[in-house]
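The values are calculated or read from the model by the stated rules, or taken from the named source; none is laboratory data. Since the structure is predicted, the reported quantities are computational estimates derived from the model, not experimental observations. For neighbour counting, all protein chains shown are included, and Cβ atoms are generated from backbone atoms with ideal geometry for every residue, glycine included.
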Amino acid sequence: MTLKGLCEFAGRSPDELVRLSPREASRLVQDYVDMLAEKGYSIRYVNVCLAYLKTFFKVNGFKGPKALEVERHYQPSRYRKRSEYVPTPAEIHNMALAAGSARNKALILALYTSGLRNSTLRALLYRDVKEELERGLEVIKLPVYPEMKKVDAGACKGNIPYYSFVSAEAVEALREYLDERRRIYGSIEDDEPLFASESKNVPPEIRRRTPIMKKSLTTLVKRAAKKAGIKRWREVYPHCLRKAFESALRNAGLDIKDQEFLMGYILPGSQDAYYDYTKIEDLRRKYMKINFFPHLAASMEELRKKQVLDMVKLLGFSEEKIKRVEEALAKYERVDEALEEIKKLSLESYKETEETDCNRQGNCKRHEVKIVLGEQRLVEFLSEGWDLVKELSNNRFVLKKNFS
C-alpha cells in the first residue's frame, strides 16, 4: 500500500519512479511522507513507510552515491522532537493586534485563515491576488501552483496545484499593508512578493522585491505570541497556525473532501473539479461561513443586545415591556433569533412610534419619535423643535418631540 500511495501521490508508475534522478526521488519521497505526517499518521508509521520506500529504491539501483538522502537533506524541522503550542482563535486575534506592523498583522491573519504553509505563503506574488483585490471582494482566493518554487523551493509541496482563501479580517489587514507599501514605494508591481522583506540591511529597491525570509516569519510569529501574553510563546510556530486553521475547518462542519482540498491534502488529478468557476464560488461561499474568531462574534451579539435595550428605553416603552424584551434577549444566543419574539410585542426597534405618558396627577403628555436620514433632514427637524436622542449608524438619527 505504501508504494501504491506514493504512485498515486506522484501520478507515476513504479517504473517511472525508478527512472527519476536521486534528487528528484528524494524530494518526492520526502513530500509524500510529509503529507502522511500532516494528515495525522503517527511518526512511527511515517518512518516505517519511509524505510519501505527507501528499500524499494535501493533494490532498484538507488544505493551508494545514488542512495536516497531524505533524512539528511530534507528532514523538516517539525520532525525534531520539539513541543508545539497551537494558539486559540482568541490568542491568534491578540497576536495579530500585537504583531507590530501592518505587514506582520496581515501575515498572521493570512497564515491562520488560509492554512498555507510557511514557504507557500512567502512565495505568493502580488499578481496572485491583484484581480480579486481590485474587484473589492470580501474574501479572496490564494492560488498555489508549481511555479512558486522559483520564489521558494519549498512552496507547492508535491507540485500539486490547489487554492485556499483568506478571511475578511485578513483581507482588510492586507489592504492596509498594501496601501502602506504604495505610500512608501509609489506602486506595487505584479511580480513583487505579496509579503516583502522589511530588512533595513538592503536598499529599498531590493527590499521591495525580496520575500520575507523563513526565519523572519518564524521570529515575528513568536514575538507576536509573546506580546499577546501566551505563556508557551516559544512553542508557537507558523505551522501551528496552519493546525489552528485545520481545527476551524473541522469545527465549521465542512465536507471532509473540501477540508482536505483547502489543506492541500490532495492527489494529482483529484483537484481538477475544484477549478470549475461555479465550484470555486461554491467553495468560497462555504468558506465565508467559517467563524475564525468565535469570541468576537459572541462579543458582537452582546453589544447588539445592549443596543436593542438602549433603543427600547430611548423610545419610551414601559418598564414591563422592557423587562419582556430583556427576557426575550436572554432566551436566545443571537439577537436575530430574539427579534421575532420582540416583534410580537410590537417593540420593533427603529420604527416610528407614538406614545402617551401620564403622571400621577393625571396630566398626560404626548410625544412622538422619528428616525431621520441625513444631516440636512436632521437640521430641518431640529429647527422645528425636535430633540436629538441618539445618533445611529449609516447617518441616521433618532429624534423626539413632546406635545402638550
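Only one of these is among the small types (Gly, Ala, Ser), under 22 Å from Lys149 (Cα atoms) and either modelled with pLDDT of 85 or more or surrounded by 14 or more Cβ atoms within 10 Å (Cβ to Cβ) (or both): Ala25, Ala51. Name it.
Ala25
Just one of (1) of a type in the set (Lys, Arg); (2) at pLDDT 85 or above; (3) under 38 Å from the mean Cα position of the chain (by Cα) trips up Lys58, so point out which.
Just one mismatch for Lys58, condition (3).
Got a number for residues in the stretch 2-55 being over 16 Å from Tyr265 (Cβ atoms), touching a residue at least 24 places away in the same chain (Cβ under 8 Å) and among the acidic types (Asp, Glu)?
So the count comes out to 0.
Go through Leu116, Leu142, Leu137 for me and flag whichever is part of a loop (DSSP other than H, G, I, E, B) and touching a strand residue (DSSP E or B) at 6+ places or on another chain (Cβ under 9 Å).
Details: Leu142 fails: part of a loop (DSSP other than H, G, I, E, B); Leu137 fails: touching a strand residue (DSSP E or B) at 6+ places or on another chain (Cβ under 9 Å).
None of the other options fit; the residue is Leu116.
Quickly run through the stretch 196-222 and pick out the residues that are in contact with a Phe, Trp or Tyr (Cβ under 8 Å, 6 or more places away or on another chain), of a type outside the set (A, V, I, L, M) and under 22 Å from Leu116 (Cβ atoms).
Arg208, Pro211, Thr218, Lys222
Just give me the residues in the stretch 353-404 being at pLDDT below 65, within 43 Å of the chain's Cα centre (by Cα) and exposed (fewer than 10 other Cβ atoms within 10 Å of the Cβ), in sequence order.
Ser393, Asn394
Take Leu116 and tell me if it is modelled with pLDDT of 95 or more, in contact with a helix residue (DSSP H, G or I) (Cβ under 9 Å, 6 or more places away or on another chain) and assigned by TED's automatic domain parsing to the domain that holds Pro238.
Numbers: modelled with pLDDT of 95 or more: yes; in contact with a helix residue (DSSP H, G or I) (Cβ under 9 Å, 6 or more places away or on another chain): yes; assigned by TED's automatic domain parsing to the domain that holds Pro238: yes.
Yes; evaluated as a whole, the condition is true for this residue.
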